[in-house]
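Read-outs: derived from the displayed coordinates by stated rules, not from any lab. Here the structure is a predicted model, which is why all the values come from computation and not from measurement. Ideal geometry is used to build each Cβ from the backbone, glycine not excepted, and the neighbour counts take in all protein chains shown.
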Amino acid sequence: MSTSPELTRKAVRRWNRQARLYDRLTAPMERMLGLARGRAWVFGRIGKGRVLEVGAGTGKNLPHYPEGATVVATDLSPGMLARAVEKAGGRPSRARFVVTDAEDLAFKDGAFDAVIATCVFCSVPDPLRGLKEVRRVLRDGGQVILLEHLRPRGFLGRLFDLLDPVASRLMGPHINRRTLDNLRAAGLVVVEEWNVFSHWVKVIVAR
Ligand SMILES: C[S@@+](CC[C@H](N)C(=O)[O-])C[C@H]1O[C@@H](n2cnc3c(N)ncnc32)[C@H](O)[C@@H]1O
């Protein structure tokens, strides 16, 4: 069960509503924040084995998986995941699609060699709980690779704190998540960070 079922239900409704337009709405952001470059970096790190993608959304990452990866693509929103299935339609897909909540993943302990998520922990209602679940389903020695925007340092961070209640109400994602701290609090060790845009959009590798 998620920490707040009401917030979770709200998130499902919001993402289901956005599913049709999501790719078009986020195209400018992909370019402005260098997300395409970040995705390429993430997938340069993925090898063979069992990979869980949390919050796979409309399946933007699916074309990037390497041969030999067995992918389980998950999301809280059936609407978002339906778009991913549709986009994969007709072509052979290495992915299995599962609707499940990051806060309560429907998998056994240690089931995956790697877990990836791109632009997800800004949206998960209780990100710490989600990252604890990620840790639970990761095998010993496995790796977590995230592409996330984080709360910036200094003045900008304080500004993002002020803007977050409005921004998250309008768009859904939070703009001031302390994902590095949350990874550590979830018991994971951050082994690499790579700045994709300024110091607040990063690829993070943790074990
Ligand atoms: C900003 S979108 C990112 C989608 C995709 N990863 C990408 O890079 O385009 C955030 C995604 O996280 C999903 N999400 C939000 N809360 C979630 C949760 N608790 N469990 C799983 N997925 C969640 C949303 O449904 C949405 O598809």
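Compute a Gaussian network model of the chain, connecting alpha carbons closer than 10 Å, and tell me which residue from Gly110, Gly47, Gly68 fluctuates the most. Judging by the Gaussian network model, the answer is Gly68. Overall form of the stretch 78-207: oblate. Here a/c, set by the Cα gyration tensor axes a ≥ b ≥ c, is 1.5 or more, and a/b is not larger than b/c.
Of the beta bridges in the chain, as assigned by DSSP with both residues counted there, near 40 percent are antiparallel. Here Lys87 is the anchor, and the aspartates and glutamates within straight C-alpha reach of less than 18 Å, apart from those fewer than 8 places off in the same chain, are Asp23, Glu53, Asp75. Shape class for the stretch 112-156: prolate, because the ratio a/c of the largest to smallest gyration tensor axis (alpha-carbon atoms, square roots of eigenvalues) is 1.5 or more and a/b beats b/c. Here's the picture: charge each Lys and Arg Cβ at +1 and each Asp and Glu Cβ at -1 in the stretch 5-206, and of Pro165, Pro125, Asn16 the one pushed furthest to the positive end of that dipole is Asn16. For a test of the definition: using alpha carbon positions, the gyration tensor, and the 1.5 limit on a/c, classify the stretch 1-154 as rounded, prolate or oblate. Cα axes put the stretch 1-154 in the rounded bin. Full extension of the segment from Asp161 to Arg17, taken as 0.36 nm per residue of separation minus the current Cα-Cα distance, would add 49.2 nm.
In straight-distance terms, cross-link reach from Lys202 covers every one of the lysines whose alpha-carbon lies under 26 Å from its own, apart from those fewer than eight places away in the same chain; here that gives Lys48, Lys60, Lys132. For the chain, the mean residue ellipticity at 222 nm estimated from helices alone is -12000 deg cm²/dmol, where every DSSP H run of n ≥ 4 contributes -39500 (n - 2.57) and the total is divided by all residues, rounded to the nearest 500.
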